[in-house]
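Worksheet: one structure, shown below.
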Amino acid sequence: MPKFPCRLYCIKIRHYDIIAKGRGGSMNKILIKNGKVLLLKNEDIVIENKDILIENGKIVKIERNIQDNADKVIDAQNHIVMPGLINTHAHIPMSIFRETTEGCKLYEWLNDKIWPIEDKLTREDIYWASMLSYIEMISTGTTCVNDQYFMPEQIREAAVNTGVRAVITRPIVDMGGDLQTRINEFRELYESRDENNALITYSVAPHSLYTCSDKALEACTSLAKEYNLPIHVHFLESIDEIEDIKNKHGRPAIQVLRDYFKDVHTILAHCVKLTDEDIEILKTMDCGIAHNPISNLRLGCKIADTTKYLKQGLNVALGTDGQGSGSNMDMFEAMRVACLAQGGIHENEERITAKDAVKMATINGAKLLQLDNKIGSIEVGKDADIILVNIEEKLDNITMLPNLNKIANLVYNTSGRSVDTTIVKGNILMENRQIKNVDVNEVIMKCNKILERHLS
């Protein structure tokens with residue numbers, strides 16, 4: 001059973017005034033011309049030659065040869081224009097823990113390496129580590145992230161200052177501390193929100209079933225219902241967890257989950273080992289899975305059978321987890337590994353396709369975060385969360401040639417480094433691989449100083 005430092009998740013933080021600085025390139029009208037646009041049609045992924053007109057952050061036209069006087073015209077020749085990628089499970093400040101997991105199992109890694117350092121992190125550390133992650137997201141085509149970490153006020157501030165879309169929460173545990181304090185801290189976070197900033201939304205996050213008592217889980221459910229928010233919880237991340245939950249709660253994990261969250265939309269991170277009975281119960285609930293293939297494989301936690309889950313009608317999206325275990329936040333890599341790993345489970349049997357992976361990283365993620373009315377696909381009326389992926393026939397994209405199957409190439413032969421433009425709600429956050437209005441060198445310098453203090 002892992003231990004938790006007594007200060008974890010219970011640090012009192014003053015409220016910061018959130019100032020929306022650092023957003024790049026906001027314009028009334030943007031016209032994207034000559035692109036190969038990835039569209040969702042009748043649940044299928046297709047690519048069509050289209051132009052896209054964006055006005056006041058919304059997609060207003062998707063047509064061929066749009067003629068309009070725009071404030072900015074982006075020539076998308078030799079680019080795939082697609083929805084911004086959605087990372088449904090991450091721990092944003094863990095950018096400073098990259099590659100600390102080598103040779104470790106989950107509980108060993110948490111107990112011996114992560115939690116002792118987390119107990120020493122300051123508000124400033126969390127802010128700059130978050131800035132580094134958001135820069136990584138922007139530079140690799142992720143426009144929305146679902147985060148779970150302590151000191152969320154700093155994570156929120158960094159999201160606002162970079163212009164990304166984020167679901168923010170304060171994890172709740174009741175090990176080594178007062179439960180009511182944790183509940184009060186979440187209330188302070190949520191009630192300090194800027195109601196005019198539609199890019200920042202919230203969830204209620206019991207950390208996991210093995211770190212929360214029945215009383216804590218009941219309290220989280222009450223919070224979610226009170227504020228009409230989803231639940232975001234780690235669930236069956238490792239085989240060891242199955243026995244830990246049964247010992248703690250006196251019943252199997254799936255029964256605990258159903259007892260408390262059956263009436264609340266629930267985001268289940270990991271789910272590496274669901275039985276047929278588990279799946280049948282989940283099908284009766286309002287829930288979906290944030291699949292984290294790279295993190296689970298790195299920590300030796302096995303791999304979720306997403307092929308089976310999707311066939312059974314469960315919604316499966318993608319996440320990276322924190323960079324300590326997930327290595328990076330490149331959702332293109334997550335898509336590729338998600339597909340490849342299923343080959344190890346199903347051998348020559350039918351398994352998820354490249355199109356499935358793209359949907360997991362876009363529309364499935366939007367549905368899981370209850371944001372599919374705004375993002376997840378390129379449609380008239382939705383927010384313009386859009387990325388441009390360079391497929392020009394040159395040395396930097398040599399693995400894309402011959403480009404006979406553009407969707408398969410996106411998944412198997414592309415990386416986030418091929419993204420050259422990132423747009424969130426009509427705001428250009430990166431153009432021609434240049435991050436807008438964020439001093440990248442300053443962020444790197446600040447994070448290196450954090451590393452010197454805590455990891456040297």
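Throughout, read-outs are computed from the coordinates displayed, never taken from laboratory work. All of these numbers come straight from a predicted model, not from anything done at the bench. We place every Cβ from the backbone using ideal geometry, glycine too, and count neighbours over all the protein chains shown.
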*Helix 440-454 versus the longest principal axis of the chain: what angle, 0 to 90°, nearest 10, using Cα atoms?*
20 degrees
*Degrees separating the helix 239-249 axis from the principal Cα axis of the chain, which is the longest one*: 50 degrees
*region 352-359 - phi-based ³J(HN,Hα) in whole Hz, Karplus 6.51/-1.76/1.60, Gly and Pro as x*: 4, 9, 4, 5, 4, 5, 4, 5
*Rounded, prolate or oblate: which fits the chain when a ≥ b ≥ c are the square roots of the eigenvalues of the alpha-carbon gyration tensor, with rounded for a/c under 1.5 and prolate only if a/b beats b/c?*
prolate
_For region 395-456, which trypsin sites (Lys or Arg not before Pro) pass both filters: DSSP loop (anything but H, G, I, E, B) and at most 13 other C-beta atoms within 10 Å?_
ARG433
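Averaging sequence separations of C-alpha pairs under 8 Å and six or more residues apart, then dividing by the length of region 85-368, give the relative contact order as a whole percent.
Dividing the mean separation by the residue count of region 85-368 yields 22 percent.
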*Where a Cα-Cα gap under 17 Å defines reach, which aspartates and glutamates qualify for LYS36, not counting those fewer than 8 residues away within the same chain?*
ASP44, GLU48, ASP51, GLU63, ASP75, GLU379, ASP385, GLU392, GLU393, ASP420
*Taking a 26 Å limit on the Cα-Cα distance, which of the listed pairs LYS359/LYS382; LYS262/LYS311; LYS283/LYS382; LYS273/LYS374; LYS248/LYS359; LYS120/LYS248 fall beyond it?*
LYS283/LYS382; LYS273/LYS374; LYS248/LYS359; LYS120/LYS248
